[in-house]
Amino acid sequence: MNYEQDRVWQLVRLIPWKQDDVIRLFWLRYEDVNREAFAAGLATRIEDEYVFAVAVRKYSFFDANAVMSDVIDLLDQNRTALEALGNTGISKLTILLIARDGFRMAQTSSLIQLPTWFPVDAGLERSFLISDLGQTAEENPLNCVEARIHNVSELLFALEKALVDKLQEIHTTNSMRTLQFLQAIQLNPQPLISDVARLLDACNDHLTSIADSRAYRIGADGKHLGARIIKLTLNSSPKQLGDRAVNVAASMPNSDVLELRPSFFAIAWRPASSMVCGQSNWHAIFVGMFQAYQLMNGSAHAGEYPVYPVALQYAMSLNLRLFLEQARSFVEAQI
């Protein structure tokens with residue numbers, strides 16, 4: 001992803017300085033063509049620290065054995081600007097390497113001798129690594145805008161609405177299929193055929209009452225369709241949840257209309273027994289909704305959770321959001 005300039009400064013400030021360090025290098029992937037202009041706009045002073053950004057050229061930083069040599073070359077190429085910082089009273093220097101691709105080379109900490117004209121620790125030997133900025137900066141789920149919690153809420157709401165709408169549609173022609181679906185996700189008491197219309201109306205009324213889908217927060221009280229699925233997942237082992245998915249798929253004969261790719265999180269919930277496509281699809285939907293529920297909890301109770309890398313939170317959120325969109329299309333395609 002591309003970070004805005006203000007967000008880059010925030011990420012830099014999130015990363016504490018190691019004791020005795022006065023220089024550090026961070027790699028930042030930026031896909032837009034004009035990396036030079038972006039780098040120039042990032043130059044700023046933060047108290048006694050100066051943030052200096054440079055665009056990485058295509059011919060550098062592609063050989064793991066030459067990384068430190070590339071760093072020295074980069075310093076030499078920017079000598080005029082770096083040397084001028086020596087008179088500004090800074091005591092720490094953060095260098096951002098702006099590149100089109102991610103940094104994937106393995107490194108070991110290496111000593112390099114800083115040039116005699118360098119603005120901090122001139123002429124001294126220093127050891128450091130290049131770190132990915134997004135992987136190094138950590139935040140809790142509440143403060144991490146890259147987690148896109150509001151969009152997760154919006155997509156979860158859309159998926160639950162599609163489920164309710166589809167069940168109401170099916171109920172008009174085959175109430176037994178709808179009952180089979182509801183019984184498969186209901187822990188107890190099991191609903192009866194006479195309960196179906198009332199339950200679906202209550203689920204629809206619940207969703208209709210939501211004024212802002214981006215602020216939607218699913219519960220686990222079992223009082224509406226999404227909450228029933230969350231309660232089921234919370235109280236089931238992977239095998240038990242797989243068995244429920246088998247029963248749901250039986251109520252939806254079109255469950256193999258397409259093959260959903262489960263969210264990466266769902267790998268941890270995969271049951272030992274194999275499932276055919278349609279059954280796996282519903283299992284993935286249950287786990288995806290549960291994952292969204294847990295992300296919302298992390299955002300609402302951030303103080304109870306550890307901090308995690310910003311890039312990790314973005315990747316996990318993006319993976320989930322893509323799945324939720326695909327799952328909604330899958331549900332709407334049921335007949």
For this session: Considering Cα pairs under 8 angstrom that are at least six residues apart, work out the relative contact order of the chain and quote it in whole percent.
Result: 20
Problem set entry | Proximal lysines relative to Lys161, as straight alpha-carbon distance under 22 Å, when same-chain residues fewer than 8 apart are discounted | Lys223, Lys231
Exercise. Please identify the trypsin sites (Lys or Arg not before Pro) of segment 1-94 that satisfy two criteria: DSSP loop assignment and at most 10 other Cβ atoms within 10 Å. Which are they?
Worked result: Lys18, Lys58
For this session: Taking the Cα centre of segment 145-332 as origin, work out the dipole magnitude from +1 charges on Lys and Arg Cβ and -1 charges on Asp and Glu Cβ, in debye rounded to 20.
Result: 280
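How would you rank Ser317, Ser213, going from fewest to most other Cβ atoms within 10 Å of each one's own Cβ? Can you show the working numbers first?
Values: Ser317 21, Ser213 16.
If I rank by nearby Cβ atoms, fewest first, I get Ser213, Ser317.
Could you work out the Kirkwood radius for segment 93-186, taking every pair of different alpha carbons, averaging 1/r and inverting it, reported in Å? Intermediate values should be presented prior to the final figure.
On the way: mean 1/r = 0.0513 Å⁻¹.
About 19.5 Å for segment 93-186.
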Seminar exercise, completed: A student applying the Cα gyration tensor rule (rounded when a/c is under 1.5; otherwise prolate if a/b is larger than b/c, oblate if not) would label segment 5-136 rounded
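Among the GluC sites (Glu not before Pro) within segment 27-121, which fall in a DSSP loop and have no more than 10 other Cβ atoms within 10 Å of their own Cβ? Intermediate values should be presented prior to the final figure.
Working: sites: Glu31, Glu36, Glu47, Glu49, Glu83; in loops: Glu31, Glu47.
Sparse-neighbourhood loop GluC sites (Glu not before Pro): Glu31, Glu47.
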Exercise. Fully extended, how many nm does the chain gain between Trp117 and Arg261 (0.36 nm per residue separation, minus their Cα-Cα distance)?
Worked result: 46.4 nm
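Give the dimensionless ratio obtained when the Cα radius of gyration of the chain is divided by 2.2 N^0.38 Å.
Values: Rg = 26.2 Å, N = 335, 2.2 N^0.38 = 20.0 Å.
Here the Cα radius of gyration is 1.31 times the empirical estimate.
Tell me, Cys144, Cys277 in order of fewest to most beta-carbon neighbours within 10 Å? Walk me through the intermediate numbers first.
Numbers: Cys144 23, Cys277 13.
Starting with the residue having the fewest Cβ neighbours, the order is Cys277, Cys144.
Rounded to two decimals, what is Rg over Rh for segment 145-332 when you use alpha-carbon atoms and the Kirkwood radius? The partial results should precede the final answer.
On the way: Rg = 15.9 Å, Rh = 16.7 Å.
Rg/Rh for segment 145-332 comes to 0.95.
Can you pull out the trypsin sites (Lys or Arg not before Pro) in segment 144-245 whose DSSP state is coil and whose Cβ has at most 16 other Cβ atoms within 10 Å? Could you put the intermediate results ahead of the total?
Numbers: sites: Arg148, Lys161, Lys166, Arg177, Arg198, Arg214, Arg217, Lys223, Arg228, Lys231, Lys239, Arg244; in loops: Arg148, Arg217, Lys223.
The qualifying sites are Arg217, Lys223.
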Problem set entry | Fraction of antiparallel bridges per DSSP, the chain only, in percent to nearest 5 | 35
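All of the numbers you see were taken from the coordinates with simple rules; none came from a lab. The model shown is predicted, which means the values in this text are computed figures rather than measured ones. Here Cβ is always computed from backbone atoms with ideal geometry, including for glycine, and neighbour counts include all displayed protein chains.
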